[in-house]
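See structure below.
None of the figures in this text is laboratory data; all of them are computed from the coordinates on show. The shown structure was predicted, so the numbers you read here are calculated from the model rather than taken from an experiment. Every residue, glycine as well, gets a Cβ built from its backbone with ideal geometry; the counts of neighbours run over all protein chains shown.
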Amino acid sequence: MAAMASGKLRAAAPSSGDLPLDALREILLRLSANELCRLRAVSPTWRSLTYDRAFIAAHMARHWKPLLAFARRGEDHTHSVDLVDLSGELVRRMPRSEDGIGMLGTRLDLVCVASKYRHMALWVLNPATGAALALPWCHSEYMGNGPDERFSLGYGYVERYAFGRVSTTGEYKALRITRGFLGDPNDKICEVITIDADGSSHGVWREMQRPPSLICTGDAVSRDSSISDEMKCVVVGGVVHFMIDFKTIYFNSMEISVEPGSIASFNLETEEWMPTLRGPAPVRSFLRDNIRKYSYFDLDVQLSLSELHGSLVTVHNIHYSSMDLWFLSDFEKGLWVKKYSLPSQVAGLLVYPLLVLDDERLLLMHGTDGVVCLGMKTGVYTYDLKTSAYTHELDLEMGSFDWGKSIGIYTGSLLSP
């Protein structure tokens, strides 16, 4: 039975054998998204109902749970992007023909993967439809006069990708930071590309203003990129935040020209770099206050960025002591609030917060580049902020991972058309 122009469904005809529409709706709302996707073939009425936006919103409100997205390499050498829940149940598998794919740490209704072996290759995947959009494997045009001749001289080594959504337009944008294979590490090029709101088409790469400082980018296409590098970049509310590489700046100049914890931010809507954001005051003064115990190298490994409750968070993980979570409360004034201080049992090496669940448990990723510390398994854990219980939820063994070290969080509905 077709949907009316207003978007509301007509009541089922008595002779159709269908249940009353309200009863059918209530029954279907109890089923999982995967079951509903299969049941769409039962009848036009069921198909129309399960594609209705109000039904999808109601189903998501009732069934929402975090789905973790990661790149998987099977024992049979097949490759895929998998969505799993916290019980480890496979919810959706998207086969990929490419070897060496890695997940970007997004939290959107689309996921994004890059390639190790083709440095310019980036794909946007829609888990609801299975569609994959390949972004152009080229650089931006230079001043509108054709390909940039600099890239023929060795530029093009991709250090970091980021992917986010502009709330005012619904469009998605990808950010790419590249530099030459050899040469000045400060000589970075920033490029942006726009993807339509439905994730079905894209524009062209466009060169933007260069980063205002030496930012922590790691190496987005290398097995040598550490998870510490991966977790120094996060997208929050359409703004890409990079931790500034204060350690390298200090050792290159032997001067403290950049405070520890400083952040460079790129606004995907305006496509401009924002003023440098100062980190939390206790982070800025940490080395001065602990000069005999910690070094620049120590603090560099201790710091990471995350998004929790929709806020930018500076994570200061003083390993095996405490993990302080500083929430940004005012960007212009550089004000931070320490909302959580987690105990030593959580503050292990290579532990990073991912998400605060509705039941006040904190979801954390532990040691996903193969390092096992103090007997803790690699994988995903939860820390109960009320009871302090620390629980191993999900194994993510390195044998099942491809080269990427990030985990994405899928926030959409698999029912979406």
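Sparsely packed loop sites in segment 39-144 (the GluC sites (Glu not before Pro) outside DSSP H, G, I, E and B with at most 15 other Cβ atoms within 10 Å) comprise GLU75, GLU89.
Each residue of segment 334-345 was assigned a 3J(HN,Hα) from its phi angle through the Karplus expression (A = 6.51, B = -1.76, C = 1.60, θ = phi - 60°), giving x, 9, 10, 10, 7, 8, 9, 10, 8, x, 4, 5 Hz with x at Gly and Pro.
Cross-link partners for LYS247 among the lysines, with Cα-Cα distance under 25 Å and sequence neighbours closer than 8 places in the same chain left out: LYS188, LYS232, LYS293, LYS333, LYS338, LYS405. Applying 0.36 nm per residue to the separation of SER43 and GLU269 and subtracting their alpha-carbon distance, the gain on full extension is 77.1 nm.
Note on SER329/ALA197: beta-carbon distance plugged into 1/(1 + (r/R0)^6) with R0 of 25 Å gives a FRET efficiency of 0.25. Distance between the 7 Å Cα→Cβ label points at GLU26 and THR169: 4.5 nm. Once the mean of 1/r is taken over each pair of separate Cα atoms and inverted, segment 66-144 shows a Kirkwood hydrodynamic radius of 13.5 Å. Separation of segment 228-249 and segment 254-285, taken as the distance between their Cα centroids, equals 9 angstrom. Amide H contacts under 5 Å for TYR340: LEU325, restricted to partners 5 or more places along the chain or on a different chain, H placed in the peptide plane at 1.01 Å from N. Of the peptides 282-290, 57-65, 266-274, the ranking by mean beta-carbon count within 10 Å, highest at the top, reads 266-274, 282-290, 57-65.
Segment PHE251..VAL301, full-extension length gain: 16.5 nm, with 0.36 nm per residue of separation and the alpha-carbon distance subtracted. For LYS386, the shell of other residues with beta-carbons less than 15 Å away shows a net charge of -2, using +1 for Lys and Arg and -1 for Asp and Glu. Taking the Cα centre of segment 9-142 as origin and assigning +1 to Lys and Arg Cβ atoms and -1 to Asp and Glu Cβ atoms, the resulting dipole is close to 140 debye. The 3J(HN,Hα) values that the Karplus relation (6.51, -1.76, 1.60; θ = phi - 60°) gives for segment 408-417 are, in residue order, x, 10, 7, 10, x, 10, 6, 7, 4, x Hz. Gly and Pro appear as x.
What translational D, rounded to a whole number of µm²/s, comes out for segment 253-333 from Stokes-Einstein when the hydrodynamic radius is the Kirkwood one over Cα pairs, at 20 °C and 1.002 mPa s? Translational D for this selection: 154 µm²/s. Each peptide in 48-54, 409-415 receives the mean, over its residues, of other Cβ atoms within 10 Å, and ordering these scores from highest gives 409-415, 48-54.
Compared with the alpha-carbon gap, the fully stretched path from ASN290 to ALA61 is longer by 77.7 nm at 0.36 nm per residue. Treating r as the C-beta distance of GLU75 and TYR51 and R0 as 30 Å, the FRET efficiency rounds to 0.20.
Mean separation of Cα pairs under 8 Å and 6 or more residues apart, divided by the residue count, gives segment 304-395 a relative contact order of 18 percent.
A crude spin-label estimate for the pair TYR320 and ARG206, with each label 7 Å from Cα along the Cβ direction, gives 5.1 nm.
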